[in-house]
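Peer 1: Supplied in structure tokens, the structure appears directly below.
Just so it is clear, none of the values below were taken in a lab; they were calculated from the coordinates. What you see is a predicted model; the values in this text were computed from it and never measured. As a convention, Cβ positions derive from the backbone with ideal geometry for all residues, glycine included, and neighbour counts pool all protein chains shown.
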Amino acid sequence: MASIPAADKRIRKSRQALKEALLELLKRYSFEEITITQIVQHADVNRGTFYNNYQEKEQLLEELLQDVLSDLLRAYRSPYMNCSKFEIHRLQADAVEIFRHVSEHANFYRVVLGSDSLPGFERRIFAFLRSIPLQDLIHPEDWTVTQEKPESSKTASYPGTLGGSDATGDSGIPATSRIRKDDFELWGSFYASGLIGMIGYWIENDFAQSHEYMACQLVDLLNRGSHMALLPRGGI
């Protein structure tokens, strides 16, 4: 394997230092309040180094976000990356990488989901999470329901049943489980919101639980949450 040139290593090191400095500053200030001078001082580099890599602080922030989103995409896809068919009810906790990813980018998620330093960024994370299953997990030709179901049973259709044991159409997806585009987009929104909620809870508790524990809880919620029996509190 060819070695990385020393100049490239220096560039990577400088960029990483600038990103880490920005994240540290975002714990105390809003992005609008942060200056390039503060960033370079915190990163212990000179202004020339900054401008050799970025034209403005917004470019640094956007590269930081894209770095995290790229790794988030890898983590999200991990359970089904090499599968010909992804069955949610067969998902195992040790295949879930998303909470490991969050723990490795803890400072970023603390800022985005645990503070008001980057308004609008939580929405970008949500939109990104929602878009992944819509792009990855169903082919456009499968949006159409091939067997119309009675009105009372339509709400039973959800992505977790894809690839089940019902009679299938030409695509291999059960006719009684195939769903409309709007239905799947609703599920994608629900799942993305749930993930962000779990990550937010984890941040609020200062990452007290391990990423393995969080993965187990996610799988448990997906597999058994809909069958959970709860008792109303007295007086309601």
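Peer 1: Looking only at residues that are buried (at least 16 other Cβ atoms within 10 Å of the Cβ) and in contact (Cβ under 8 Å) with a residue 60 or more places away in the chain in the stretch 25-41, which one is farthest from Pro119 (Cα to Cα)?
Peer 2: Selected residue: Leu26.
Peer 1: Which of the residues belonging to the stretch 46-68 are surrounded by 14 or more Cβ atoms within 10 Å (Cβ to Cβ), out of contact with any Ser or Thr (no Cβ under 6 Å at 6 or more places or on another chain) and either farther than 19 Å from Asp116 by Cα or hydroxyl-bearing (Ser, Thr, Tyr) (or both)?
Peer 2: The answer is Phe50, Asn53, Tyr54, Glu63, Asp67.
Peer 1: So, one more: Could you list all residues from the stretch 69-100 that are assigned to a helix (DSSP H, G or I), surrounded by fewer than 16 Cβ atoms within 10 Å (Cβ to Cβ) and out of contact with any helix residue (DSSP H, G or I) (no Cβ under 7 Å at 6 or more places or on another chain)?
Peer 2: Answer for the stretch 69-100, where residues must be assigned to a helix (DSSP H, G or I), surrounded by fewer than 16 Cβ atoms within 10 Å (Cβ to Cβ) and out of contact with any helix residue (DSSP H, G or I) (no Cβ under 7 Å at 6 or more places or on another chain): Ser70, Arg74, Arg90, Asp94.
Peer 1: Follow-up question, since we're still on this one. Output the residues belonging to the stretch 90-111 that are more than 13 Å from His211 (Cβ to Cβ) and among the charged types (D, E, K, R).
Peer 2: If the condition is that a residue be more than 13 Å from His211 (Cβ to Cβ) and among the charged types (D, E, K, R), then Arg90, Arg110 are the ones that fit.
Peer 1: A further question follows. Only one residue in Arg15, Arg100, Arg28, Arg10 is out of contact with any Phe, Trp or Tyr (no Cβ under 8 Å at 6 or more places or on another chain) and closer than 21 Å to Ala192 by Cβ. Which one?
Peer 2: Answer to the check: Arg100.
Peer 1: List the pairs whose first member sits in the stretch 110-126 and is without any contact (Cβ under 8 Å) to a residue 24 or more places away in the chain, whose second member is surrounded by fewer than 20 Cβ atoms within 10 Å (Cβ to Cβ) and of a type outside the set (Gly, Ala, Ser), and whose Cβ atoms are under 7 Å apart, counting only residues at least 6 apart or on separate chains?
Peer 2: Qualifying pairs under 7 Å: Val112/Leu118; Val112/Phe121; Val112/Glu122.
Peer 1: Test of understanding: among Ser117, Ser103, which residue is of a type in the set (Gly, Ala, Ser), part of a helix (DSSP H, G or I) and touching a helix residue (DSSP H, G or I) at 6+ places or on another chain (Cβ under 6 Å)?
Peer 2: Ser103
Peer 1: All but one of (1) touching a Cys at 6+ places or on another chain (Cβ under 7 Å); (2) within 29 Å of Gly120 (Cα to Cα) hold for Ala93; state the number of the condition that does not hold.
Peer 2: (2)
Peer 1: Would the stretch 40-53 turn up any residue that is among the hydroxyl-bearing types (Ser, Thr, Tyr) and over 19 Å from the mean Cα position of the chain (by Cα)?
Peer 2: Within the stretch 40-53, one or more residues are among the hydroxyl-bearing types (Ser, Thr, Tyr) and over 19 Å from the mean Cα position of the chain (by Cα).
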